[in-house]
Amino acid sequence: MKYAVALVLGVIVGAVCFAVGVLYNPFVGDRGLSPLSVTDAEVITLGYSVVPAESIMYTNNGESLQAPHPARVQQLWEAPIRLTDTRVSLLHDATGKPVGLGVKLSSRSESTHIFSGKALMDSAWYVYLPDRGSLFIHQTENYWPFLQQIAFPAWRSSGNNWRGSWLGDLTAGPGALGTAAAVGSSGEFAGLAMEAVESLSVRAFSTDTGFLSAEGRLLIELPEASPID
Amino acid sequence: MFRTFLFGIVLGLAAAAGALYAIPVVDQHREASIIRVAPNGGNTESFHVNIPMDRIMAGSQDASKAVPAGLVWPATEVLAGVRAEVFKLRNANDMVVGVGVRTAAERSDGNVIDWTLHLPARGSLFIGMEAAPRDGGFRLGEMRSGSREFARLTGVLTERWVEDTSGEEDAPLGRIELRTTYVGNAERHDDAEVVE
């Protein structure tokens, strides 16, 4: 009997050690500086609130951490879309001035691989800036650094929340340098192929209600002149 | 007994690693794609949106047409003349398979109408539509970009409003029909692979 107890205890300790090892895996770290933060090309900066109540509309399957907004919006409960979030936001520029509309559609990715620090989302942005035109951005986002550095500490805290200042890039592809692909459709963006990076700045997060104070930012690098064939 | 404990630790490590490797963390539900070969080349796939059931959001500065109730459209001049709608997207079998966004905006250099289709298990499509409808009451658009399954495809999309004439009590007012025609782009071979 005592051998069985020792074996079970050993298995539990082993599994816990593995979980701690995955969570604090030193080989999975921050990718560092975004390539767009050191570019010489013109970069458009667009900001938006990540807090659902501060969005124009936010919806998901209704069972996720963050509640849909407004309260009576349809939820994405059907099986093919139940791992999808949709957010409609007012976009503002670096000075805080409203400049357009952004719609983000994001779904959990089947390429997610916790073992190698990949908590992935496949997402698409539609951006319309009345003074400039419209464009589409598609990307793979990695939320692992956020989970590791914000969500887990918040879950461990007695109040189930985290407060501080955290800034991290979410975009992890499909570009070779970990950038998103952007394509223009109208206005001055028509026919342009661009790169973009999305980042997240968090000041308060709760494991009960989600983001309390957080802002997303899109950096879009304009090419010199590279029309699509 | 200590050896058994150590063996248990190794077993626990291996079991946790094996489980994490073998069990998918995310498993997207897939509806079978209903794609037909077009007579003049390419493949076609039809989607539709039942109105009003599938409308998740309709936002513009005309507050009387806002969906859902309680939607507050920003009262900024920047969004004057902009109308954004978000829908659940259905396939030819009337199953919800994705989310679609239609944006229409008035511009001095020509009105903008764009569709963004997001099919979680497959990828996303971005289509820029012609501002004016064609004869026959449909509007034509060009695929500008796509991700994942659609990354290597080009093609067109037609948009058409079809009013319901069934007369059934719980029938929708009508449906927005979207028909995509995909054309694959041939991949360029490396020079070394070219057989003379």
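How many residues are closer than 30 Å to A:Gly133 by Cβ and touching an Asp or Glu at 6+ places or on another chain (Cβ under 6 Å) if we restrict to region B:31-79?
Residues in region B:31-79 being closer than 30 Å to A:Gly133 by Cβ and touching an Asp or Glu at 6+ places or on another chain (Cβ under 6 Å): 2 in total.
Need a quick list: strands (runs of 3 or more DSSP E) entirely within region B:9-76 having at least 1 residues that are buried (at least 16 other Cβ atoms within 10 Å of the Cβ).
Values: elements: B:35-37, B:43-51, B:55-59.
In region B:9-76, the matching strands (runs of 3 or more DSSP E) lie at B:43-51, B:55-59.
Could we say that B:Arg144 is in a strand (DSSP E or B) and either on the phi > 0 side of the Ramachandran plot or within 10 Å of chain A (Cβ to nearest Cβ) (or both) here? Step through it out loud before you land on a result.
Details: in a strand (DSSP E or B): yes; either on the phi > 0 side of the Ramachandran plot or within 10 Å of chain A (Cβ to nearest Cβ) (or both): yes.
Yes, satisfied.
Which residue out of A:Gly187, A:Gly173, A:Gly117 is touching a residue at least 24 places away in the same chain (Cβ under 8 Å) and closer than 29 Å to B:Val78 by Cβ? Can you show your working first?
Working: A:Gly173 fails: closer than 29 Å to B:Val78 by Cβ; A:Gly117 fails: closer than 29 Å to B:Val78 by Cβ.
Result: A:Gly187 is the single residue among A:Gly187, A:Gly173, A:Gly117 that is touching a residue at least 24 places away in the same chain (Cβ under 8 Å) and closer than 29 Å to B:Val78 by Cβ.
Among the candidates B:Phe47, B:Phe87, single out the residue that is facing chain A (nearest Cβ under 10 Å) and within 14 Å of the chain's Cα centre (by Cα). Lay out the reasoning, then the answer.
Details: B:Phe47 fails: facing chain A (nearest Cβ under 10 Å).
Sole residue among the options that is facing chain A (nearest Cβ under 10 Å) and within 14 Å of the chain's Cα centre (by Cα): B:Phe87.
Looking only at region A:74-121, which residues are out of contact with any Ser or Thr (no Cβ under 7 Å at 6 or more places or on another chain) and of a type in the set (Asp, Glu)?
Listed by number, the residues that qualify are A:Glu78, A:Glu110.
Any idea which of B:Arg102, B:Arg160, B:Arg144 is in contact with a Phe, Trp or Tyr (Cβ under 9 Å, 6 or more places away or on another chain), closer than 20 Å to B:Ile176 by Cβ, of a type in the set (D, E, K, R) and surrounded by fewer than 19 Cβ atoms within 10 Å (Cβ to Cβ)?
Details: B:Arg102 fails: surrounded by fewer than 19 Cβ atoms within 10 Å (Cβ to Cβ); B:Arg144 fails: surrounded by fewer than 19 Cβ atoms within 10 Å (Cβ to Cβ).
Going through B:Arg102, B:Arg160, B:Arg144 in turn, the sole match is B:Arg160.
When you look at A:Thr39, is it within 7 Å of chain B (Cβ to nearest Cβ), polar (S, T, N, Q) and either in contact with a Pro (Cβ under 8 Å, 6 or more places away or on another chain) or surrounded by fewer than 22 Cβ atoms within 10 Å (Cβ to Cβ) (or both), yes or no?
On the way: within 7 Å of chain B (Cβ to nearest Cβ): no; polar (S, T, N, Q): yes; either in contact with a Pro (Cβ under 8 Å, 6 or more places away or on another chain) or surrounded by fewer than 22 Cβ atoms within 10 Å (Cβ to Cβ) (or both): yes.
No.
Could you tell me whether A:Trp166 is more than 10 Å from chain B (Cβ to nearest Cβ), in contact (Cβ under 8 Å) with a residue 60 or more places away in the chain, touching a strand residue (DSSP E or B) at 6+ places or on another chain (Cβ under 9 Å) and not small (Gly, Ala, Ser)? If you could, list the steps in order and put the result at the bottom.
Numbers: more than 10 Å from chain B (Cβ to nearest Cβ): yes; in contact (Cβ under 8 Å) with a residue 60 or more places away in the chain: no; touching a strand residue (DSSP E or B) at 6+ places or on another chain (Cβ under 9 Å): yes; not small (Gly, Ala, Ser): yes.
Criteria not met by A:Trp166.
Could you figure out which of (1) under 23 Å from B:Ala121 (Cα atoms); (2) more than 7 Å from every other protein chain (Cβ to nearest Cβ) isn't true of A:Thr59?
Condition not satisfied by A:Thr59: (2).
When A:Ile137 is evaluated against the numbered criteria (1) under 30 Å from B:Val25 (Cα atoms); (2) surrounded by fewer than 24 Cβ atoms within 10 Å (Cβ to Cβ); (3) more than 8 Å from every other protein chain (Cβ to nearest Cβ), which criterion, by number, is the only one it fails?
Of everything listed in (1) under 30 Å from B:Val25 (Cα atoms); (2) surrounded by fewer than 24 Cβ atoms within 10 Å (Cβ to Cβ); (3) more than 8 Å from every other protein chain (Cβ to nearest Cβ), A:Ile137 misses just condition (2).
A quick yes/no check of all residues on (1) crowded, with 21+ Cβ neighbours inside 10 Å; (2) at pLDDT below 95; (3) within 18 Å of the chain's Cα centre (by Cα):
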| site | (1), (2), (3) |
| --- | --- |
| A:Lys97 | no, no, no |
| A:Lys104 | yes, no, yes |
| A:Ile114 | no, yes, yes |
| A:Trp125 | yes, no, yes |
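In region A:65-90, what residues are of a type in the set (A, V, I, L, M) and more than 9 Å from chain B (Cβ to nearest Cβ)? Break it down stepwise before answering.
We begin by selecting, within region A:65-90, every residue of a type in the set (A, V, I, L, M); these are A:65, A:67, A:71, A:73, A:76, A:79, A:81, A:83, A:88, A:90.
Passing the criteria: A:Leu65, A:Ala67.
If I ask for residues that are farther than 29 Å from A:Glu110 by Cβ, part of a loop (DSSP other than H, G, I, E, B) and of a type outside the set (D, E, K, R), which ones from region B:147-186 would you list?
Once the filter is applied, which keeps residues that are farther than 29 Å from A:Glu110 by Cβ, part of a loop (DSSP other than H, G, I, E, B) and of a type outside the set (D, E, K, R), region B:147-186 yields B:Thr165, B:Ser166, B:Gly167, B:Ala171, B:Pro172, B:Leu173.
The values are calculated or read from the model by the stated rules, or taken from the named source; none is laboratory data. Remember, predicted model here, so these are calculated numbers, not experimental data. Because the Cβ atoms are built from the backbone with ideal geometry, glycine has one as well, and the counts that use them run over all protein chains shown.
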